[in-house]
């Protein structure tokens with residue numbers, strides 16, 4: 001009885017293994033073909049000129065002018081105009097840095 005069960009188990013496992021196994025073969029030959037590098041294409045960056053606008057008069061002694069800049073909007077680039085920003089208590093700290 002044990003031999004019969006072992007034989008059946010071996011046949012089932014052998015069938016499962018052979019169902020998963022596959023035979024692959026192939027032949028390839030040839031020489032490696034030289035690949036020419038693609039020529040480098042240099043595209044100059046797109047430079048957006050800021051719109052010409054007059055700087056309004058300074059509203060007070062503690063204001064600093066923040067220049068305009070290009071920003072990225074939903075439909076492309078958008079010009080953000082410059083404005084006066086209130087900066088109380090700022091003093092020049094030397095070496096080109098500003099400090100509070």
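Which distance in nm do the two modelled labels at residue 64 and residue 47 give, with both placed 7 Å along the Cα-to-Cβ direction?
Placing both labels 7 Å along Cα→Cβ, they lie 2.7 nm apart.
Provide the packing ranking of 74-82, 30-38, i.e. peptides ordered by the mean count of other C-beta atoms within 10 Å per residue, highest first.
Numbers: 74-82: 10.3, 30-38: 5.4.
So the peptides 74-82, 30-38, ranked by packing, come out 74-82, 30-38.
Peptides 42-51, 61-70: what's the order by average Cβ count within 10 Å, highest mean first? Spell out each step's value before the answer.
On the way: 42-51: 7.0, 61-70: 11.7.
Highest-to-lowest ranking by the protection proxy: 61-70, 42-51.
Multiply the residue separation of residue 24 and residue 36 by 0.36 nm, subtract the distance between their alpha-carbon atoms, and state the gained length in nm to one decimal.
Numbers: separation 12, 0.36 × 12 = 4.32 nm, distance 3.38 nm.
Contour length minus Cα-Cα distance gives 0.9 nm.
Any read-out appearing in this document is the output of simple, stated calculations on the displayed coordinates, not a laboratory observation. These numbers come from a predicted model, not from an experiment. Cβ: placed from backbone, ideal geometry, glycine included. Neighbour counts: every protein chain shown.
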